[in-house]
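The values are calculated or read from the model by the stated rules, or taken from the named source; none is laboratory data. Quantities reported herein were computed from a predicted structural model and do not represent experimental measurements. Please note: Cβ atoms are built from the backbone with ideal geometry, for glycine as well, and neighbour counts cover all protein chains shown. Note: areas computed on protein heavy atoms with side chains; ligands, DNA, RNA excluded. Shrake-Rupley method; radii C 1.70, N 1.55, O 1.52, S 1.80 Å.
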Amino acid sequence: MLRRCVVLALLAVLTIPFSAALAKDYVVRKIISGDTVQLESGEVVRYIGVATPGLNSKEGGAEFYASQAVRYNKRLVFMKKVRLEFDTKKKDEKGNLLAYVFVKKTFVNADLIRNGYARADVSGPNIKYRDALLDAQRRAKADDKGIWSEKKEDTEKYYIGNKRTSIFHRPACKMVQAIPEKSKIIFHNRSDAIKIGYVPCKICKP
């Protein structure tokens, strides 16, 4: 009887898929940018197929939506267990890991792109989820989300910004009523607001 149990146990182990047997959870301890994190092991991970705005552009300062991308990335993975999936090329020239990142059922790479915090960068050789990432980008562009809202045309004569939150709104937005007068700033077009780091309200979508 004991021998039979041992044999059955061995067969159960052998029938587990090899990838599942090697599955391992990692914990993110530091957010470096919108598309780069550091694990508890000290290893740095760059997200495959994702290009978020730079925190330090050549012109100086952060690019449009860079700080928002960092905050969203932190919300998704900071101090959470993540599963890493690798592709053809496992490391970049600096020795950083290149990976698809998952938090439970959330595909972090695609989530960043779908919500407008990043562009899809699928030039290769890592193209396993190319179609999924490009589809996420198409949907974000169609909805003028995040980085894709920068070029949107003006539909109001002016916009009202909140100095405390760096968010700008349509004049009729319900959120404007809660902004103290001393915190209000008027923009005559969207471009002026975006140039100094303001982002569109998610409710009125200016």
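Miscellaneous remarks
- All positions within segment 103-134 that are open to solvent by 50 Å² or more (accessible area, probe 1.4 Å), free of Cβ contacts under 8 Å to residues at least 24 places away in the same chain and more than 21 Å from TYR26 (Cβ to Cβ): SER123, ASP131
- Set GLU63, GLU93: member being free of Cβ contacts under 8 Å to residues at least 24 places away in the same chain and surrounded by fewer than 14 Cβ atoms within 10 Å (Cβ to Cβ): GLU93
- First in segment 162-176 and at positive phi, second anywhere and in a loop (DSSP other than H, G, I, E, B), Cβ under 9 Å, 6 or more apart: SER166/ILE196; SER166/GLY197; SER166/TYR198
- Odd one out for LEU134 among (1) touching a helix residue (DSSP H, G or I) at 6+ places or on another chain (Cβ under 8 Å); (2) assigned to a helix (DSSP H, G or I): (1)
- Evaluation of LYS151 against (1) closer than 27 Å to SER41 by Cα; (2) part of a loop (DSSP other than H, G, I, E, B); (3) not acidic (Asp, Glu) (one fails), failing number: (1)
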